[in-house]
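A quick write-up on the structure given underneath.
Derivation of every value follows stated rules applied to the coordinates shown; laboratory data play no part. Owing to the predicted nature of the structure, the values given are computational and were not obtained by experimental measurement. No Cβ is skipped: glycine too gets one built from the backbone with ideal geometry, and neighbour counts run over all protein chains shown.
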Amino acid sequence: MKRLKDIGEFGLIERIRKRLRPCPGCIKGIGDDAAVLVSKREEFMLLTTDSLVEGVHFKKGDNPKAIGRKAISVSISDIAAMGGEPQYCTTSIGAPGDMSLNKIDNIFSGILQRAKEFKVAIVGGDTVRSKNLIINTALIGKVERKSLVTRDGARVNDIIFLSGRVGGSSCLKRHLNFRPHLEESRFLVKNFRINSMIDLSDGLFSDLCKLCKESNVGAVIYEELIPFNKDVNLTSALYEGEDFKLLFTVAPDMAKKVSAIYDYRFFPIGHIQDKRFGLKLVGKGPNREEVSLADKSFKHFR
Ligand code: ADP
Ligand code: MG
C-alpha cells in the first residue's frame with residue numbers, strides 16, 4: 001500500500017492538481033502562492049489559506065500571541081508574493097476543551113494585532129474540537145491587474161533577488177516573529193516590472209525550485225551573494241523553511257536599479273538559466289566549485 005509519506009507534500013499537491021480542471025473566473029488555481037480570480041475590470045481577487053499545527057509549526061510552550069501573529073502573517077505573506085494587498089480574513093481554531101481561555105484570548109490578540117497593522121478585517125471563521133491546537137487562516141486580497149506577479153514568469157537571464165536576509169528561522173526562532181514583506185512587494189510592483197515572485201515558506205532552495213518548475217527554467221545562485229542572518233550557516237539559509245522573505249526575478253536591465261534602492265534592501269543572488277542547466281550553487285571557495293542542488297522536490301521538478 002502506497003502512503004502519503006512515499007510521495008510527500010509536493011507529490012500530494014501534484015496528485016490533487018492533476019484532478020482539477022480549469023474553471024470559469026479562475027485565472028490561476030493551484031500552483032501559486034494564492035489563487036487568482038476574476039473580480040473588477042482593472043483588478044483581480046486573490047485567495048489563500050494556511051494552517052498552523054502545534055508540534056509542526058509551533059511548540060506547545062511558544063508564546064500564544066506570537067503564534068496568532070504568525071498564523072495570519074503566513075497568509076499575508078502569500079498575498080504579498082502575488083503583488084497584492086490583503087483585505088478580508090477568516091480565522092478557524094481547533095483546540096482541546098481543556099485549553100485555557102487566557103491562551104486562546106492571547107492567540108486571538110496576536111491575530112488581531114497583526115490584522116490591524118496590515119489593515120485586514122477579520123470577518124468570521126470556524127471553531128472545532130481538536131487534540132492539538134490548529135489555526136487556519138483564509139485570506140482574500142486584491143491586486144491591480146498590471147501589478148499581478150506569479151511564480152511562472154521567470155525568463156532566462158533574469159536576475160534573482162531576495163527581499164531580505166535568510167536563515168535561522170527555526171534554530172533562532174525567527175519564524176515566530178517575522179514581518180510579512182508586504183510593503184516591499186507593493187513598492188516593487190509599483191515601481192518595476194517584476195517577472196516572477198514567491199515567498200520563502202519551505203526554504204530558499206525548495207522555493208527557488210518551485211519558481212523554476214512553474215517557469216520551466218533552471219537557475220544558478222552564488223554562495224557569496226546569499227545574505228545570511230547573523231549566526232547562520234549555508235545549510236540553514238538554503239534549507240530551513242519559514243523565512244518569509246520574497247524571492248523574485250527581474251530582467252537584467254532592471255537589476256542595477258533594484259539593487260540600488262535605498263529604502264529597502266534587495267539582494268541579487270544569481271540568475272535564471274535554461275531548464276537543462278538545473279539548479280546550481282556556486283561555492284565561495286577558491287575554486288568556486290559548482291554544486292548541483294538536489295533533493296526530493298528537485299528530482300520531482302526534473
Ligand atoms: P504556500 O507555501 O505558498 O502556502 P504551497 O507551496 O504550500 O503554497 O502550495 C502550493 C499550491 O498548492 C498552492 O497553490 C496551494 O493552493 C495548493 N495546495 C496545497 N495544498 C492543497 C490541497 N490540499 N488542495 C488543493 N490545493 C492545495
Ligand atoms: Mg507562499
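Rounded to the nearest 0.05, the FRET efficiency derived from the C-beta distance between Tyr262 and Ser130 at R0 = 35 Å is 0.15. Computed over neighbours whose Cβ is under 11 Å from that of Ala35, the net charge equals -2, Lys and Arg +1, Asp and Glu -1. Pairs of Cα atoms nearer than 8 Å and 6+ residues apart set the relative contact order; for the chain it is 20 percent.
For the chain, modelled as a GNM with alpha-carbon contacts under 10 angstrom, which of Ser196, Ser77, Ser259 fluctuates the most? Result for the chain, Cα springs under 10 Å: Ser259 fluctuates most. Could you tell me which trypsin sites (Lys or Arg not before Pro) in region 72-149 are loop residues by DSSP with no more than 12 other beta carbons within 10 angstrom of their beta carbon? Filter output for region 72-149: Lys119, Lys131. Here Lys280, Lys70 are placed in order of increasing Cβ neighbour count within 10 Å, fewest first, which gives Lys280, Lys70. A Förster radius of 51 Å combined with the Cβ-Cβ distance from Asn102 to Val156 puts the calculated FRET efficiency at roughly 0.40.
Label positions at Leu4 and Glu183, each projected 7 Å from the Cα along the C-beta direction, are separated by 3.8 nm.
Within the shell of other residues whose beta carbon sits under 14 angstrom from the beta carbon of Thr48, the net charge comes to -3, with Lys and Arg scored +1 and Asp and Glu -1.
Each part reduced to its alpha carbon centroid, region 151-209 and region 78-134 end up 23 Å apart. What the phi angles of region 191-200 give under the Karplus curve with 6.51, -1.76 and 1.60, with θ = phi - 60°, is a coupling list of 10, 9, 8, 8, 7, 7, 7, 8, 9, 7 Hz, glycine and proline written as x. Within the straight-line cut-off of under 20 Å between alpha carbons, the aspartates and glutamates reachable from Lys190 are Asp33, Glu42, Glu43, Asp78, Glu85, Glu144, Asp152, Asp158, Asp199, Asp253, Asp263, sequence neighbours fewer than 8 places apart in one chain being disregarded.
Take the alpha carbon gyration tensor of region 1-136, find the square roots of its eigenvalues, order them as a ≥ b ≥ c, and report rounded if a/c is under 1.5; if not, report prolate when a/b exceeds b/c, else oblate. Note, shape of region 1-136 comes out oblate. The fewest-to-most ranking of Glu223, Glu290 by surrounding Cβ atoms within 10 Å reads Glu290, Glu223. Cβ crowding within 10 Å, taken as a proxy for footprinting-reagent exposure, orders Ile27, Ile13, Ile79, Ile269 from fewest neighbours to most as Ile13, Ile27, Ile269, Ile79.
Translational diffusion coefficient of region 81-127 at 10 °C, 1.306 mPa s, Stokes-Einstein with Kirkwood Rh over Cα pairs, in µm²/s as a whole number. Could the numbers behind the result be given before it?
Details: Rh = 12.0 Å.
In µm²/s, the coefficient is 132.
Restricted to Cα atoms, region 149-292 shows a radius of gyration and a Dmax of 14.1, 40 angstrom. Using the rule -39500 (n - 2.57) for each DSSP H run of four or more residues, divided by the residues of the chain, the 222 nm mean residue ellipticity is -9500 deg cm²/dmol. Summarising the label geometry, the points placed 7 Å from Cα in the beta-carbon direction at Arg193 and Ser109 lie 4.9 nm from one another. Sparse packing (at most 10 other Cβ atoms within 10 Å of the Cβ) combined with a DSSP loop state is found for the following chymotrypsin sites (Phe, Trp or Tyr not before Pro) in region 187-274: Tyr262. Secondary structure note: in the chain, about 75% of the DSSP beta bridges are antiparallel.
Subtracting the Cα-Cα distance of Leu37 and Leu12 from 0.36 nm times their residue separation leaves 6.7 nm of extension gain. So what is log10(I(q)/I(0)) for the chain at q = 0.07, 0.09, 0.15 1/Å, when the Debye sum runs over its Cα atoms only? Debye curve over Cα of the chain, log10 I(q)/I(0) at q = 0.07, 0.09, 0.15 Å⁻¹: -0.27, -0.45, -1.26. Assign one of three labels to region 195-260, namely rounded, prolate or oblate, based on the Cα gyration tensor with a ≥ b ≥ c the square roots of its eigenvalues; rounded applies when a/c is under 1.5, prolate when it is not and a/b is larger than b/c, and oblate otherwise. Oblate. Largest mean-square fluctuation among Asp202, Asp50, Asp253, in a Gaussian network model of the chain whose springs join Cα atoms under 10 Å apart, belongs to Asp253.
With both labels modelled 7 Å from their Cα along Cα-to-Cβ, the Val53 to Asn233 distance reads 2.9 nm. Rounded to the nearest 0.05, what FRET efficiency do Lys275 and Tyr88 give with R0 = 30 Å and r taken as the Cβ-Cβ distance? Could you check? Calculated value: 0.20.
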